[in-house]
Ligand SMILES: Cc1cc2nc3c(=O)[nH]c(=O)nc-3n(C[C@H](O)[C@H](O)[C@H](O)COP(=O)(O)OP(=O)(O)OC[C@H]3O[C@@H](n4cnc5c(N)ncnc54)[C@H](O)[C@@H]3O)c2cc1C
């Protein structure tokens, strides 16, 4: 959270969740009282989860939380990392799903003591997504490198239920065949074959179906109301929220995108706050740079050459494990 008046606010910490709450945390409402403008740029740091039967309970984690534990090397008993099993289902078909799948494989494969302790084979990672391989949002390179690292890809599957043992441990995930993800107008409207069910054995499920913002920091600010999608609305041009002194920047302003979008929105937001406080507009200045790299050349119209399509079937890692019908 960056405020316009005080440099000290850069070090201000806000309570974003009960576990993160510290005595030194500063409430957003208090920051607003002592500042003329406040920018919230807390990102989208919480995994989105699809509410399905069996989803609540042990063995089911958010992908962003898992990556955070790995990045911070949090291996305490409560960490996602410590609770990871040996047969993992990652649900999602984007780059984040691949980040998670490949990270799982590396952790399981590289954690010698843990593997030895369990006398286990290297864990299996099954990546299941709604889209067909051609439609998957993940970059081609992620799919190919994920395959090289051992990620088993199961496209065109939508999650139905997480199966549990009588003791409550995860034992598998039931999926239904996804026949189509987008409708004729290219809107997200998945169509399923309810009778074509697939069960994939698993002891751990990790969600990678998107991120959402943690807006618990808004408590005490009645003039800041999230919309039905869980985002705090703001003006697309000024990034100003319904409260005139509060502005948004980055993923919290428009949902998860790319780093470069967050940087651009930060600049836009700074211009907007300046205008709000001073009444003076700063116009955007664009600089175009074209560098000729000596000795570098491509064949004519290189950018227009279509990408090579994927080879069919198992050669890029799709698996038929658990399938009832051929496809
Ligand atoms: C797994 C994953 C992989 C990605 N890979 C790429 C990629 O390869 N290339 C790419 O361009 N983009 C990638 N992205 C997207 C990119 O990371 C985001 O779009 C970008 O980081 C958003 O920037 P931001 O400043 O809005 O938020 P963030 O970078 O998320 O930063 C938010 C900051 O706010 C802090 N914060 C959170 N809550 C509070 C609080 N209550 N009080 C105070 N501080 C708080 C956080 O600690 C953090 O420092 C990826 C995202 C994910 C989840």
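The values are calculated or read from the model by the stated rules, or taken from the named source; none is laboratory data. In this text the structure is predicted, and so the values were computed from the model without any measurement. In this analysis, Cβ positions are derived from the backbone assuming ideal geometry, glycine residues included, and neighbour counts consider all displayed protein chains.
Mind checking whether some residue in the range 208-218 is outside any strand (DSSP E or B), more than 16 Å from the ligand (Cβ to nearest atom) and at pLDDT 95 or above?
First pass over the range 208-218, keeping only residues outside any strand (DSSP E or B): 208-210, 213-218.
Still in the running and more than 16 Å from the ligand (Cβ to nearest atom): none.
No.
Can you tell which of 222, 176 is touching a strand residue (DSSP E or B) at 6+ places or on another chain (Cβ under 6 Å) and surrounded by fewer than 20 Cβ atoms within 10 Å (Cβ to Cβ)?
On the way: 222 fails: touching a strand residue (DSSP E or B) at 6+ places or on another chain (Cβ under 6 Å).
None of the other options fit; the residue is 176.
Since residue 167 meets every condition but one in (1) part of a loop (DSSP other than H, G, I, E, B); (2) closer than 30 Å to residue 248 by Cα, which condition does it not meet?
The failed condition is (2).
Of all residues in the range 243-267, which are within 16 Å of the ligand (Cβ to nearest atom) and surrounded by fewer than 18 Cβ atoms within 10 Å (Cβ to Cβ)?
As a first pass, look at the range 243-267 and keep what is within 16 Å of the ligand (Cβ to nearest atom): 246-267.
If the condition is that a residue be within 16 Å of the ligand (Cβ to nearest atom) and surrounded by fewer than 18 Cβ atoms within 10 Å (Cβ to Cβ), then 254, 255, 257, 258, 259, 260, 261, 263, 264, 266, 267 are the ones that fit.
Determine which single condition residue 277 fails, assuming it passes every other condition in (1) outside any loop (DSSP other than H, G, I, E, B); (2) more than 24 Å from residue 215 (Cα to Cα); (3) at pLDDT below 95.
For residue 277, the failing item is (3).
Are there any pairs, at least 6 apart or on different chains, whose C-beta atoms fall under 8 Å, with the first in the range 175-192 and more than 18 Å from residue 133 (Cβ to Cβ) and the second not in a strand (DSSP E or B), and if so, which?
Every condition considered, the pairs that remain are 189/183.
Name the strands (runs of 3 or more DSSP E) wholly inside the range 6-123 in which the number of residues that are within 14 Å of the ligand (Cβ to nearest atom), at pLDDT 85 or above and out of contact with any helix residue (DSSP H, G or I) (no Cβ under 7 Å at 6 or more places or on another chain) is 2 or more.
Details: elements: 38-40, 60-62, 87-91.
Passing ranges, in order: 60-62.
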